[in-house]
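Before any comments, here is the structure.
The values are calculated or read from the model by the stated rules, or taken from the named source; none is laboratory data. Remember, predicted model here, so these are calculated numbers, not experimental data. Every residue, glycine among them, receives a Cβ derived from its backbone with ideal geometry; neighbour counts consider all protein chains shown. For the accessible areas, the whole protein counts, side chains as well, though only heavy atoms, and no ligand, DNA or RNA atoms are used. Shrake-Rupley method; radii C 1.70, N 1.55, O 1.52, S 1.80 Å.
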Amino acid sequence: MPPDFIAKTVLGQLTGYRGTASAEQKLVTSLAKRTADKKIAGDWGARAQKLVDSMVYPALDRQIAAFTAATAKAPHDAGVQRLPNGDAYYAWALRLGTTTTQTPAEIHKIGLAQNEELKARMDTLLRKQGFTSGTVGERVQALNKDPKQLFSDDDAGRAQLIAYCNAKLAAIRPILSKVSHLGLKADVVVKRVPEDIQDGAALGYMNFASLDGSRPAIYYINLKSTTLWPKYQIATLTAHEGVPGHTYQGAYLAEHHNEIPLIASLIGFNAFVEGWALYSEQMVDELGLYADDPFSEIGFLQALQFRACRLVADTGLHSMRWSREQTVAFLTEQTGKGANAMTSETDRYCVAPGQACGYKTGHNEIVRLREGARAKLGSKFDLAAFNDTLIKTGGVPLSVLPAAVDAYVRGAA
């Protein structure tokens, strides 16, 4: 069974859903709207509402009762190490999440070292902006509370924040020609995470465009509170979820779906997909997006540092018996992100062990391969061609990626 705090969140979502009037459920309103839009005759909303009342809600009541009984004695222990064969399960989860055979101890050590390296870089930038007192984490916390960095925590502020995301997408698009020769359209729409799932949802995520081109990519941002996303953090999030990150990589799957096997479009190896998106955050910095925006550069470094801390936190939880509280405290103190956001992150690691390690592991490997190719090719190295080599794999395990890069180097030499 899940830990008690996860069970509490699940029950909160289930009871909140059950407490919504049936006429207001999306199962009803969506069908009513779409049939009306298409002018399909019939009272579809009323028919759907009757099914919700007579079938869905009674089933949901049974589910709530069963889950309440099943988790009545749920433990507070956060990690999978508490489970039978927990260590072996976590080793498998790490292999799935990183597509490597690195051990928890190795990953933990890498995370600690890279966290310190990135904090040193952040320290320099924070001092230049007048943030000189306290640890790096404490100074970031102060930046997070700066009114200049916050949107109003209401619907008007949420609309302004989404508009700001769109402005950053527009600012990035002119540099895409330096990132890739593929010329992908990479259409994307920015939306807030639906309110009925925001309590248990990630702080930001993206749905790839449909393979048939009928729907663009959707970049979701969790706006339960706008304080989750200070302004200086949004540019790097947009590079990650939008372009040249997930949206651009996923656009190749949709816009060139006839060139790769369908299975390659559907697997989505975590370490490659998230590694590419994190590498994209680095590229927009390297290509000058933050030349006149030092606070967004701090946001970029903080995001990178946060992913290094994920290596520490995930392995701490599942291999070193860290508690939920210990993990939240580590992430908050080190990254300066808010306790609520880091509690949400910690809970995510508890229910998806190993997944959070894919980001920095994938980023580390892509950067290693890029610098290796650059060293071998010298003046013949072409950043966009290298990037296209990665994208055109469709996304592969990190153990396979060097073969694709080797082929690029041979062809360009």
| message | Taking the Cα centre as origin and putting +1 on Lys and Arg beta-carbons and -1 on Asp and Glu beta-carbons, what dipole magnitude results for region 1-114, to the nearest 20 debye? | response | 420 debye
| query | In debye, nearest 20: dipole of region 159-215 around its Cα centre with unit charges on the Cβ of K, R (+) and D, E (-)? | reply | 380 debye
| message | Let's test the formula: R0 of 22 Å, r as the Cβ-Cβ distance of D153 and T20. What FRET efficiency results, to the nearest 0.05? | response | 0.45
| remark: Full extension between K39 and A88 adds, at 0.36 nm per residue less the Cα distance, a length in nm of 12.1 nm
| note | Result: in region 72-197 the number of Lys pairs with C-alpha under 19 Å apart, spaced 8 or more or on different chains, is 8
| query | What nm distance separates the two modelled labels at D382 and L60, each placed 7 Å from Cα along Cα→Cβ? | reply | 5.5 nm
| query | Between R215 and R47, what length in nm is gained on full extension when 0.36 nm per residue of separation is reduced by their alpha carbon distance? | reply | 57.7 nm
| Among I263, A384, A159 the positive-end extreme of the charge dipole of the chain (Cβ point charges) | I263
| remark: Between the residues L287, L184, L237, the Cα farthest towards the positive end of the dipole of the chain, that dipole coming from +1 and -1 charges on the beta-carbon of Lys, Arg, Asp and Glu, is from L184
| said: I'd like to check one number: the per residue accessible area of the chain, probe 1.4 Å, reported in Å² as a whole number. | reply: 46 Å²
| query | In the chain, carbon and sulfur make up what percent of the accessible area (probe 1.4 Å)? | reply | 57 percent
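Once the Cβ-Cβ distance between S30 and K145 is put in as r, and R0 is 51 Å, what FRET efficiency do you end up with, to the nearest 0.05?
In this case the efficiency is close to 0.85.
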| remark: In deg cm²/dmol, rounded to the nearest 500, the helical mean residue ellipticity at 222 nm of the chain, built from -39500 (n - 2.57) for every DSSP H run of length 4 or more, is -19500 deg cm²/dmol
| note | With +1 on the Cβ of every Lys and Arg and -1 on the Cβ of every Asp and Glu, the dipole magnitude of the chain about its Cα centre, in debye rounded to the nearest 20, is 320 debye
